[in-house]
Ligand SMILES: Nc1ncnc2c1ncn2[C@@H]1O[C@H](COP(=O)(O)OP(=O)(O)O)[C@@H](O)[C@H]1O
Ligand SMILES: [Mg+2]
């Protein structure tokens, strides 16, 4: 359960989040749509605790993330994973080492204890199989396609079995076929890990594919949040313009 209440965040004199509220239920996938620069990434950074709000609260699985720091914050967020917009793989490490990195660094996500290499190998193998990269363990990131890099970054995320997953623009910059593979992967991960997920995107096609509910982030707030069946029927020029802009893209892609 994620509960965001009255979140405010200002950079210099520019108010980005202006009293944003959001609730996401356990096991649910909420997609947050919004134009570029509206503050979607800012919101995700607050959720995972990288950044602090000026005002308001973020509660995740009963923990008040917005007021924790140091090791308390680390313990409260170690069951969370975020897929950053730039996949951010380590260039000097092959796919295996990239995927194993956090397991080696932080140990067993449940106990924090160091994991035996045999166990690390087994977990990495399973995560890479899940994203369709079973045969790429020795390959360096530079030799992967954009879609494969994205999948490797997803493997690095799920190897940890996070209970909360945050995806920042997972399909941006990918071609339509690769985007669809990533959408399907997000749904598959959802089914297998039963995680609570937030997917931030401006890709309407992706939104309808992966979301249980769809939200529109506008002017520092969640302007709407509703089921994906209801979302296209919202009688607001803002939503309709958003859908219209995106629909030609969806048609081209299908
Ligand atoms: N660390 C920062 N310092 C100053 N301004 C920032 C910072 N992070 C984000 N912003 C500003 O906040 C606004 C929202 O950014 P962002 O969340 O990245 O948008 P998007 O919805 O495209 O993800 C932008 O105007 C951006 O310039
Ligand atoms: Mg962003």
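FYI, it's all coordinate maths here, none of it is from the lab. Predicted model, so just to flag it, every value in this text is computed and none were measured. When we count neighbours, we look across all protein chains shown, and the Cβ atoms used for this are built from the backbone with ideal geometry, even at glycine.
Give me the percent of DSSP beta bridges within the chain that run antiparallel, rounded to the nearest 5.
55
Using Cα pairs closer than 8 Å and at least 6 residues apart in sequence, work out the relative contact order for the chain, in percent.
So the answer I get is 26 percent.
Just how far, in whole angstrom, is region 13-68 from region 72-146 if you go by their alpha carbon centroids?
Region 72-146 and region 13-68 have Cα centres spaced 25 Å from each other.
Looking only at 59, 105, 184, which one moves most when the chain is put into a Gaussian network model with springs between Cα atoms under 10 Å?
In the Gaussian network model the winner is 105.
Quick one: 93, 82, fewest Cβ neighbours within 10 Å first, how do they rank?
93, 82
Take residue 78, project a point 7 Å from its Cα along the Cβ direction, then tell me which residues of region 107-150 have their backbone nitrogen under 12 Å from it.
107-115
For 79, 14, 202, what ranking results if the residue with the fewest other Cβ atoms within 10 Å of its Cβ goes first?
The fewest-first ordering by Cβ neighbours comes to 14, 79, 202.
Let a ≥ b ≥ c be the square roots of the eigenvalues of the Cα gyration tensor of region 88-228; is it rounded (a/c under 1.5), or, if not, prolate (a/b larger than b/c) or oblate?
Prolate is the answer for region 88-228, as a/c is 1.5 or above and a/b outweighs b/c.
For an R0 of 45 angstrom, estimate the FRET efficiency from the Cβ-Cβ distance between residue 114 and residue 229 and round to the nearest 0.05.
Rounded to the nearest 0.05, the efficiency is 0.45.
On a 0 to 90° scale, report how tilted helix 146-158 is relative to the longest principal axis of the chain, with both axes built from alpha carbons and the result rounded to the nearest 10.
In the chain, helix 146-158 runs at an angle near 80 degrees to the longest axis.
With contacts defined as alpha carbon pairs under 8 Å and 6 or more residues apart, what's the relative contact order of region 120-254 in percent?
Reported relative contact order: 17 percent.
Length gain on complete extension for the stretch residue 184 to residue 172, per 0.36 nm per residue less the alpha carbon to alpha carbon distance?
Residue separation times 0.36 nm, minus the Cα-Cα distance, leaves 2.8 nm.
Calculated FRET efficiency, residue 243 and residue 1, Cβ-Cβ r, R0 30 Å, to nearest 0.05?
It comes to 0.55.
Classify region 12-60 from the C-alpha gyration tensor, please: rounded if a/c falls under 1.5, else prolate or oblate depending on whether a/b exceeds b/c.
Oblate shape, in that a/c is at least 1.5 and b/c is the bigger or equal ratio.
What is the fewest-to-most order of 110, 119 by other Cβ atoms lying within 10 Å of their Cβ?
Listed from fewest to most nearby Cβ atoms, that is 110, 119.
Which residue, 36, 206, 25, tops the fluctuation ranking in a GNM of the chain built on C-alpha contacts under 10 Å?
Between 36, 206, 25, it is 36 that shows the largest mean-square fluctuation.
Is the shape of the chain rounded, prolate or oblate, going by the alpha carbon gyration tensor and its root eigenvalues a ≥ b ≥ c, with a/c under 1.5 for rounded and a/b larger than b/c for prolate?
Judged from the Cα gyration tensor, the chain comes out oblate (a/c at least 1.5, b/c at or above a/b).
Between residue 61 and residue 93, what FRET efficiency follows from the Cβ-Cβ distance if R0 is 30 Å, with the result rounded to 0.05?
0.45
Please identify, among 95, 31, 42, the residue showing maximal mean-square fluctuation in a Gaussian network model of the chain using a 10 angstrom Cα cutoff.
Maximum fluctuation in the GNM of the chain, among the listed residues, is at 42.
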